[in-house]
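A quick write-up on the structure given underneath.
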Amino acid sequence: MAVDSKTVQKVALLAKLKVDDDKVEATKDEFNKILKWIEQLDEVETQGVEPLVSVNEEHLVCREDKVTDGNIKDEILANAPESEFGYFAVPKVVE
Amino acid sequence: MADFIIETPKGKWELVCGLEIHCQIVSKSKIFSGASTEFGDDANVNVSFIDAGMPGMLPVLNKECVRQAVKTGLGLNAVINKYSVFSRKNYFYADSPQGYQITQFEYPIVGEGKITVDLSDGTSKDIRIERMHIEQDAAKSIHDINPKKSYVDFNRCGVGLMEIVTKPDFRSPEEVGAFLKKLRSIVRYLGTCDGNMDEGSMRCDASISVRPLGSNELRERAEVKNVNSVKFAMQAVEYEAKRQVELYENGETLKQQTCRFNPATGETKFLRFKEFSDDYRYFPEPDLPPLVLDDAFIEEIRNNLVELPDAKKARFVKELGLTPYDASVLCENKETADFFEEAAKGRDAKKVANWIMGDFFAMLNAKKLPLEKSPISAEKLGRLVDLISKNVINGKTAKDVFAIMAETSQEPEAIVEEKGWKQVTDTSAIEAIVDEVLQSNPDNVAAYKGGKNNLLGWFVGQVMKQSKGTANPAIVNQLLKQKLG
């Protein structure tokens, strides 16, 4: 599998990363190198093998339903570039 | 099936619709953090660093959310998957500080199920459930405080959600409405979601397409997002279906798109096309291993399941002799069903049902009171019915007693005693009144004997009037018929 420049631009858009037009070719080549390296895995026979979702053999550990966190509004808002009336203030995102 | 066919001079069209319903899980704390789920608190108070998407914070699953999901799955008559997996759904938006939502994708916790809905023409229909998975809710954005900014409140961010996806089984807006009501009733019975659509704890997205009647094709669809009442969902489906028919008949095509419903106009409004905005790049959540449930956990929930509306309705019909319609009205919410059962205990259930669905509901409506604030308790209403059954008062007097109970919450027996409304069942006392009425109206007696049978009602009225409404009407009727021959 090889990617083209269009795919590079799409991935950049989805990742919210800016890739300058003159870097697209080079990025495409890098993508393809990585993909090629990973394609070695194709040699492994995976017919009938369920996808592995975690290498962690442990099962999920759950918590009890208790309120143990929160009430730290000032700390939550501390890193906000802008906040007003206790809200995060962000550029208008109305649809 | 209740027919809904869009007919134009050019042809007949059929609706094909499926729903996705998000139900907020009832739990004290959020699905992956220990912050409170309380609704209506000050902005950003119920937020932990996990909810705020701070680097390095790890989610820990709330066991209660899993229990609630399993309970709901059982209520949907669905398969419970003992193995399920959390996934990341990646998207960039101000309401999601992580840049992704933790949800379930290929392996949801609940598989296929079904809900039976009752329709107005007396038929019922099974709506198939495709799946149900659990995930985290997003933050709430407020757009109307500042003209240049959106304000974001993360209190809702991380509250547990159950997303229920149906198969495209809906063929009419009525079915959509009946399904939403039924689903709401089920989750409320189970106590897994409060079902308040206007507060956003239950939200509905509808995927709508149309096709020529008789064809089996599936055409492009429009998704109407976040409709917040049963009525609006029905309106949105109807409007959007008709809009699409118009489009096709004008020779245009529909491109898969997302719309919003405007309750003020009853119309759907185009928002955006579905292109790569929906490229969510799902992958298994690395911070959470797969969720594995054991049989004991599921069985414990199954064994403690409350009686659901369908089962309750069937029991009311079979054991208490109610009509299916009456039973379904009384079973729509658990509180009403419980009230009825308490009032009907050891009594004529049909009579009690008639009182509840008639005078009692009318009284609550007129006073704008919820059931739990009723001035008349189930037990007192039951005793009022007893007074009628034991011939202490007649049905007409009972209505007057009821009216006083609604104002004063008094015991029905005390009202009857105080007002001297106790019915006269002593035949000789009634006979004396009957004789008096007959003697003072010889003309009418003659007319009745001459064939004017409908005068019987007039005589009954006279006797009732003389007795100030306390004479037992059955005895009055019987005596009059005897004496008039």
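The values are calculated or read from the model by the stated rules, or taken from the named source; none is laboratory data. As the structure is a prediction and not an experimental result, all values here were calculated from the model. Positions of Cβ are generated from backbone atoms using ideal geometry, with glycine treated the same way; all protein chains shown enter the neighbour counts. Quick note on the areas: whole protein, heavy atoms, side chains included, nothing else; ligands and nucleic acids left out. Shrake-Rupley method; radii C 1.70, N 1.55, O 1.52, S 1.80 Å.
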Along the positive direction of the dipole of the protein assembly as shown (beta-carbon charges: Lys, Arg +1; Asp, Glu -1; about the Cα centre), which of A:Thr68, B:Leu456, B:Asn62 reaches farthest? B:Leu456
So how do B:Phe297, B:Phe105, B:Phe361 rank on accessible area, 1.4 Å probe, biggest first, that is with the largest at the start? B:Phe105, B:Phe361, B:Phe297
Residue-by-residue Karplus 3J(HN,Hα) for the range A:69-77, coefficients 6.51, -1.76, 1.60, Hz, glycine and proline x: 9, x, 6, 10, 3, 4, 5, 4, 8
Expected field for B:Asp51, accessible surface area in Å² at 1.4 Å probe radius, rounded to 10, holds 10 Å²
Once you keep just the Cα pairs under 8 angstrom separated by 6 or more residues, what percentage relative contact order results for the range B:290-368? 21 percent
In the range B:85-157, which trypsin sites (Lys or Arg not before Pro) fall in coil by DSSP and have 10 or fewer other Cβ atoms within 10 Å? B:Lys148
Amide H neighbours of B:Leu291 under 5 Å, counting only residues 5+ apart in sequence or on other chains, H built in-plane at 1.01 Å? B:Ser84, B:Val85, B:Phe86
Counting only residues 5 or more apart in sequence or on a different chain, those whose built amide H sits under 5 Å from that of B:Asn44 are B:Phe154, B:Asn155
Return the sequence-ordered ³J(HN,Hα) values of the range B:432-444 in whole Hz as given by the Karplus equation 6.51 cos²θ - 1.76 cosθ + 1.60 applied to θ = phi - 60°, using x for Gly and Pro. 4, 5, 4, 4, 5, 4, 5, 5, 7, 10, x, 4, 5
At the level of C-alpha centres, the distance separating the range B:410-438 and the range B:208-223, in angstrom, is 68 Å
Compute the Cα gyration tensor for the protein assembly as shown, then decide on rounded, prolate or oblate, letting a ≥ b ≥ c be the square roots of its eigenvalues: rounded whenever a/c is under 1.5, prolate when a/b is larger than b/c in the other cases, and oblate in all that remain. prolate
Reachable aspartates and glutamates, given that their alpha-carbon falls under 20 Å from the alpha-carbon of B:Lys481 and they are not under 8 places away in the same chain: B:Asp426, B:Glu431, B:Asp435, B:Glu436, B:Asp443
Rg/Rh (Cα only; Kirkwood hydrodynamic radius) as it applies to the range B:5-300: 0.97
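Ignoring ligands, DNA and RNA, how much accessible area is buried between chains A and B, both sides summed, with a 1.4 Å probe, to the nearest 100 Å²?
4200 Å²
So, for the range B:10-50, what is the accessible surface per residue at a probe of 1.4 Å, expressed in square angstrom?
Ligands and nucleic acids excluded, the result is 34 Å² per residue.
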Across B:Lys399/B:Lys419; B:Lys312/B:Lys368; B:Lys368/B:Lys468; A:Lys73/B:Lys149; B:Lys10/B:Lys274, pairs whose alpha-carbon gap is larger than 23 Å: B:Lys312/B:Lys368; B:Lys368/B:Lys468; B:Lys10/B:Lys274
Any idea what the dipole of chain B comes to, in debye rounded to 20, about its Cα centre with Lys/Arg Cβ at +1 and Asp/Glu Cβ at -1? 840 debye
Can you give the accessible area of B:Asp287, probe radius 1.4 Å, in Å² rounded to 10? 60 Å²
Theoretical ellipticity at 222 nm over chain B - DSSP helices of four or more residues, -39500 (n - 2.57) apiece, nearest 500: -11500 deg cm²/dmol
For the range A:14-20, in residue order, the Karplus 3J(HN,Hα) values (coefficients 6.51, -1.76, 1.60; θ = phi - 60°; whole Hz; Gly and Pro = x) are 5, 8, 6, 10, 8, 10, 4
Rounded to 10°, Cα long-axis angle of helix A:24-38 versus longest principal axis of chain A: 70 degrees
If you add up the charges near B:Ile404, with Lys and Arg at +1 and Asp and Glu at -1, over every other residue whose beta carbon is less than 13 angstrom from its beta carbon, what do you get? -4
Per residue in the range B:125-145, which ones lose no less than 40 Å² of accessible surface when going from chain alone to all protein chains (1.4 Å probe)? B:His143
Roughly to the nearest percent, how much of the accessible area of the protein assembly as shown is carbon and sulfur, given a 1.4 Å probe? 51 percent
Enter the Cα centre distance for the pair the range A:1-23 and the range B:65-82, rounded to the nearest angstrom. 42 Å
Amide H neighbours of B:Tyr91 under 5 Å, counting only residues 5+ apart in sequence or on other chains, H built in-plane at 1.01 Å? B:Tyr100, B:Gln101
